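**Q** Here it is: the structure, laid out below.
Every read-out reported here was derived from the displayed coordinates using simple, explicitly stated rules and does not represent laboratory data. Note that the structure is a prediction, hence the values are computed from the model and not measured. With ideal geometry, Cβ positions are generated from the backbone for all residues, glycine too; neighbour counts draw on all protein chains shown.
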Amino acid sequence: MTNILYKNYVNGEWKTCKSKKSYAIYNPANTKEKIGSVQYSSDLDVAEAIEAARQSSKTWSETPAPQRADILFKAHRIIQNRFDELAESITLEEGKCIGDSEAEVKRSLAVIEFMAGEGRRMHGYTAPSESQGTLDYTYRKPLGVVSVITPWNFPLAIPAWKIAPALVCGNTVLFKPAFSTPITAIKLVEIFEQAGLPKGVLNVVTGSSSEIGSSFVENEIVKGISFTGSTEVGTEIYNMASKSLSKVQCEMGGKNAVIVMDDGNLEKAQESILQGAFGSSGQRCTATSRAIIHQNVFDDFVKGLVSETRKISVGPGLNRESDMSCLASRQQLNQIQEYVDIGINEGATLLTGGKKIVDKGYEDGYFFEPTIFKDVETNMRIAKEEIFGPVLTIFKCQDIDQAIAISNDSEFGLSSSIYTENIHKAFTYIEQIETGIIHVNSPTLGGEVHMPFGGIKSSGIGNREQGLEAIEFFTEIVSVYISH
Ligand code: UN1
């Protein structure tokens, strides 16, 4: 049990919230273990943070970008020094396997390094002018005060990939971490403080989204909002923000499919689907939740998938022997169980899994069996809705056209993958598939930090995250005409 109370950080001070209320965070692999407590803040605390961010905005925006980047480089070094502690912190509050947490810390390092490099680029361009003796050029200005609202499944990496570009571009930040995994996020803020970030430039306020969420959005001082989470909440944020004409970037749900053609490398395809469906217990927006298999290889391929799935060792994330860990919360557990029941009632065939694990040693954690359904029709809810757990739905296809049609029959458009050795099929797929991230012969998961990340349709709105698109989002580009 730990009784550490993680406070808000506002205007350079660790502060107790006005209501003095707090709530406890428990380890999802063992809910008897308390990880710490965080504050249950109110709008008054957010208002104070907005004021701090507003006041520090001018000085920070006037600080040369390479100097702002120096702070990111320092934060990078501190994260390297605190690597193991941060990885463990992610596993303790979110539940994922320690190897996945380490990968998350590495990804956070990579994104901070990339964004720090932008402090010496952040390019605009020059252009010829229609008038004599005139120079046309563009340059980038920060938006001002921005809000960063992050989900529970990547407590470090998603905050890092939103906050790092926001800061290097000269914005000041209001940060609302997820209600259920705020501790690692608060550690990231602490790291930026240690790295020498001036007061007021980054402010974190914890609490419940339904109570304080709208204060991060509906305020004319807030000029940009970067959100990751459900399509439902993202749509609400987009609507709210339109009233104050703030820039919005929402990264939302997915229902990602892997297509396996009969000419594909079936071994690699199997590995990719298992990793995509069950890695991080399927709790990532790039998880593989649909597999579309060519009829010529269908029976053997599905048999192989099921037998490998039964070998997955489910156990606590801190145990390096575990292949898959728990779900992140009771709410997640209930949601996944509900979708399994819906699938069965809709007439899909449950091939394996489908239940909470109640064996000895698991009873106090949210452990769920890796689950596979076949005989899934595209109009079923389990085929359409984002389940966000270790549940894979399997479809049969006759050819590439039908495979693409099934994959595109979704309101979502985040990530997708195909396994084929045929170049024509691969390019047909690239041209026709409706997702923002496209893989050929690699899993639907993840992304590299220097590449744009995000989706189309109900998966995303606004500029992509990461890569140079992040700089695009966190700046206004202005056009200058100088006649001399
Ligand atoms: C990944 O799957 O590696 O919330 C990144 C999410 C996404 C980020 C996923 N926005 O799961």
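**Q** Using square roots of five times the C-alpha gyration tensor eigenvalues, list the equivalent-ellipsoid semi-axes of the range 54-154 in whole Å, biggest first.
**A** In descending order the semi-axes read 38, 15, 14 Å.
**Q** In Å and on Cα atoms, what radius of gyration and Dmax does the range 48-93 show?
**A** 15.2, 39
**Q** If the chain between Q132 and E51 were fully stretched, how many nm would it gain, using 0.36 nm times the residue separation less the Cα-Cα distance? Display every interim value, and only then the final one.
**A** Values: separation 81, 0.36 × 81 = 29.16 nm, distance 4.56 nm.
Net length gain for the segment: 24.6 nm.
**Q** Principal axes first, then extents: for the Cα atoms of the range 256-440, list largest minus smallest coordinate on each axis, whole Å, largest first.
**A** Between the extreme Cα coordinates on each principal axis of the range 256-440 lie 51, 32, 30 Å.
**Q** Charges on Cβ only, +1 for Lys and Arg, -1 for Asp and Glu, centred on the Cα centroid of the chain; of G462, S280, N219, which one is farthest towards the dipole's positive end?
**A** N219
**Q** Taking 20 °C and 1.002 mPa s as the conditions, I'd like the Stokes-Einstein D for the chain in µm²/s, using the Kirkwood hydrodynamic radius from alpha carbon pairs.
**A** Rounded, D is 92 µm²/s.
**Q** So, one more: How much length is gained if the chain between S208 and T16 is pulled fully straight, taking 0.36 nm per residue apart and subtracting their Cα-Cα distance, in nm to one decimal?
**A** Full extension of this stretch gives 67.5 nm more.
**Q** Now, a different point. With r as the distance between the Cβ atoms of N81 and E271 and R0 = 35 Å, compute the FRET efficiency 1/(1 + (r/R0)^6) and round to 0.05.
**A** Details: r = 34 Å, r/R0 = 0.97.
Once the sixth-power term is evaluated, E becomes 0.55.
**Q** What does the charge count near S246 come to, summing +1 for each Lys or Arg and -1 for each Asp or Glu among other residues with Cβ under 13 Å from its Cβ?
**A** Summing Lys/Arg as +1 and Asp/Glu as -1 gives 0.
**Q** Then there is this: Pairs K106/K457; K18/K162; K187/K247; K96/K355; K355/K396; K18/K247: which are spaced more than 21 Å apart, C-alpha to C-alpha?
**A** As for pairs spanning more than 21 Å Cα to Cα, those are K106/K457; K18/K162; K187/K247; K355/K396; K18/K247.
**Q** Once both axes come from the Cα atoms, what is the angle between helix 43-62 and the longest principal axis of the chain, in degrees from 0 to 90, rounded to 10?
**A** The angle comes out at about 60 degrees.
**Q** Dividing the alpha-carbon radius of gyration of the range 244-335 by 2.2 N^0.38 Å (N being the number of residues), what value is obtained?
**A** 1.34
**Q** Diagonalise the Cα gyration tensor of the range 347-484 and give the resulting equivalent ellipsoid semi-axes, square root of 5 times each eigenvalue, largest first, whole Å.
**A** They are 37, 23, 14 Å, listed largest first.
**Q** Hey, another quick one. If Lys and Arg each add +1 and Asp and Glu each add -1, what is the summed charge of the other residues whose beta carbon sits under 12 Å from the beta carbon of E363? Kindly include the intermediate steps, with their values, before the conclusion.
**A** Working: positive: K32, K356, K360; negative: D359, D364.
Summing Lys/Arg as +1 and Asp/Glu as -1 gives +1.
**Q** Taking Cα atoms, how many degrees apart are the long axis of helix 231-243 and the longest axis of the chain, rounded to 10 and kept between 0 and 90?
**A** 30 degrees
**Q** Do the sum for the chain: with -39,500 (n - 2.57) for every DSSP H run of n ≥ 4, divided by all residues, what is the mean residue ellipticity at 222 nm, to the nearest 500 deg cm²/dmol?
**A** -12000 deg cm²/dmol
**Q** Hey, what's the per residue convex hull volume over the C-alpha atoms of the range 178-218, in cubic angstrom?
**A** Normalising the Cα hull of the range 178-218 by residue number yields 64 Å³.
**Q** Need one number: nm distance between label points at E232 and Y23, each 7 Å from Cα along Cα→Cβ, rounded to one decimal.
**A** 1.6 nm
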